[in-house]
Amino acid sequence: MIIKILGTSVVVALGMVLVRKYRAYKWGRCKSSRSMKNKTVIVTGANSGLGKATALELANKGARVILACRDREKAQKALIEIRSQSRSGVLKVLELDLASFESIQKFADEFYRSEDRLDVLINNAGLFKCPYMTTKEGYEMQFGVNHLGHFLLTKLLLSKLKESAPSRIVIVSSALYKRAKLDIETINSESHYDKGMAYKNSKLANVLFARELAKRLKGTGVSVYSVSPGMVWTNLGRYMSISWWKMALLAPIAWFFIRTPYEGCQTILHCAVSEEVEGESGLYYRNCEKEAIAPVAMDDVLSKNLWDFSEKLCKQ
Ligand SMILES: NC(=O)c1ccc[n+]([C@@H]2O[C@H](COP(=O)([O-])OP(=O)(O)OC[C@H]3O[C@@H](n4cnc5c(N)ncnc54)[C@H](OP(=O)(O)O)[C@@H]3O)[C@@H](O)[C@H]2O)c1
């Protein structure tokens with residue numbers, strides 16, 4: 001009897017491992033072996049989750065990686081960790097709080113002062129379902145950090161990206177953008193705030209921004225990519241509270257669906273380095289492949305309005 005139970009358990013465990021491996025295979029891998037030696041890359045939010053995993057992979061390819069983080073201590077810790085794991089590359093911390101225009105401007109000034117080139121900008125930092133909060137300038141935090149801060153950062157770095165062309169901008173969105181209902185009029189309003197919808201809207205803003213930016217950068221040699229990393233085990237859920245027993249129940253199921261940061265960063269890497277996507281711009285990628293953009297993000301009027309609105313807010 002015991003042997004039968006043991007045998008069944010082994011078969012079930014093996015089956016589970018195989019299914020997980022098959023899923024991971026379908027998620028895809030960045031297959032490019034391109035060296036990033038003498039290339040400079042900025043990764044926002046590089047002290048945690050996807051940003052940290054991306055920074056490590058880029059360092060392994062020999063890149064000079066700027067860890068653009070809001071907390072210097074956390075960033076320094078991440079730098080030491082990445083350095084201890086990486087085979088090559090150069091790492092540097094530069095302070096960047098995307099919830100403050102002053103900090104973004106300071107970051108850009110320091111970057112121009114100290115760096116010669118910018119080959120890849122990875123707009124990765126983000127917040128998920130936080131309670132209503134505002135940025136220094138008074139804009140709703142998820143919209144402010146996930147979209148607006150990156151909008152300003154990108155605009156400030158554009159001349160360096162153009163100078164260093166061919167260069168790339170990778171914008172980390174989420175498949176949840178498809179369920180967004182973006183209303184620019186109420187985007188910063190506390191009375192209209194729904195933390196889940198605010199996240200979806202900010203991720204739709206990412207895809208709209210990527211499309212509009214790609215149009216405006218046509219012919220400059222700067223390509224723009226929006227990316228969904230899939231569901232990834234990171235610190236993104238810091239504002240969600242799940243009881244330990246729910247966690248224990250969900251963990252075995254989650255194991256099939258949730259990627260490790262290494263697995264999750266593959267599409268970001270693919271868009272940042274791969275020869276395959278050279279010359280493509282304004283498109284959306286998932287599982288290391290192009291994916292058709294949902295109608296909600298194909299609205300050219302909305303992407304233009306969002307651009308004008310973002311520009312107006314950044315000037316105030
Ligand atoms: N994890 C997923 O399942 C998933 C799925 C789809 C899309 N994404 C997207 O992936 C991106 C990375 O998220 P993650 O999953 O790696 O989460 P994470 O581990 O929480 O990392 C988020 C990073 O953003 C930084 N950040 C937050 N607010 C910032 C600010 N005001 N200024 C500068 N940096 C700030 C965080 O810094 P601190 O550590 O200092 O807070 C952290 O480094 C996000 O854009 C997210 O929307 C994630």
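Just so you know, all these numbers are worked out from the coordinates, no wet-lab data involved. Note that this is a predicted model, so its numbers are computed, not measured. So basically every Cβ, Gly included, is an ideal-geometry build from the backbone, and we count neighbours across all protein chains shown.
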Checklist entry - With a ≥ b ≥ c the root eigenvalues of the C-alpha gyration tensor of segment 36-99, is it rounded (a/c under 1.5), prolate (a/b larger than b/c) or oblate? => result prolate
Item to check | Viscosity 1.306 mPa s, 10 °C: Kirkwood-radius Stokes-Einstein D of segment 98-251 over Cα pairs, µm²/s | outcome: 95
Checklist outcome for this item: Highest mean packing first, using Cβ neighbours within 10 angstrom, the peptides 244-251, 142-149 sort as 142-149, 244-251
Next on the checklist: What number results when the radius of gyration of segment 132-175, computed over Cα atoms, is divided by 2.2 N^0.38 Å?
Outcome noted: 1.41
Checklist entry - Over its Cα atoms, what ratio of radius of gyration to 2.2 N^0.38 Å does the chain give? => result 1.02
Next on the checklist: Could you tell me the extents of segment 1-59's C-alpha atoms along the three principal axes, largest first, rounded to whole Å?
Outcome noted: 62, 24, 15
Checklist entry - Dividing the convex hull volume of the Cα atoms of segment 183-316 by its residue count, what figure in Å³ per residue is obtained? => result 150
Checklist outcome for this item: Comparing Arg72, Arg168, Arg113 in a Gaussian network model of the chain (Cα, 10 Å), the one with the largest mean-square fluctuation is Arg113
Checklist outcome for this item: Mean projected area (nm²) from the convex hull of Cα positions in segment 189-261 is 7.5
Item to check | Ordering of 221-233, 152-164, 2-14 by packing [mean C-beta count within 10 Å, highest first] | outcome: 221-233, 152-164, 2-14
Item to check | Semi-axis lengths, Å, segment 1-110, gyration tensor of Cα atoms, sqrt of 5 times eigenvalues | outcome: 40, 17, 13
Next on the checklist: I want the local charge near Phe256. Using Cβ-Cβ distances under 15 Å, sum +1 for each Lys or Arg and -1 for each Asp or Glu among the other residues.
Outcome noted: +4
Checklist entry - Which of the aspartates and glutamates could a cross-linker span from Lys52 if the Cα-Cα distance has to be under 18 Å and same-chain partners fewer than 8 positions apart are dropped? => result Asp71, Glu73, Glu81, Glu95, Asp97, Glu263
Item to check | Most mobile listed residue (Lys203, Lys218, Lys52) in the chain, GNM with C-alpha springs under 10 Å | outcome: Lys218
Item to check | Rounded to whole Å, sorted largest first: equivalent-ellipsoid semi-axes of segment 54-156, Cα gyration tensor | outcome: 25, 16, 12
Checklist entry - Taking a quarter of the surface of the Cα convex hull of segment 148-232, what do you get in nm²? => result 6.3
Checklist outcome for this item: Any DSSP H helix in the chain with Cα axial reach of 15 Å or more and mean Kyte-Doolittle score of at least 0.0? Listed by number, the hits are 2-27, 49-60, 150-163, 244-257
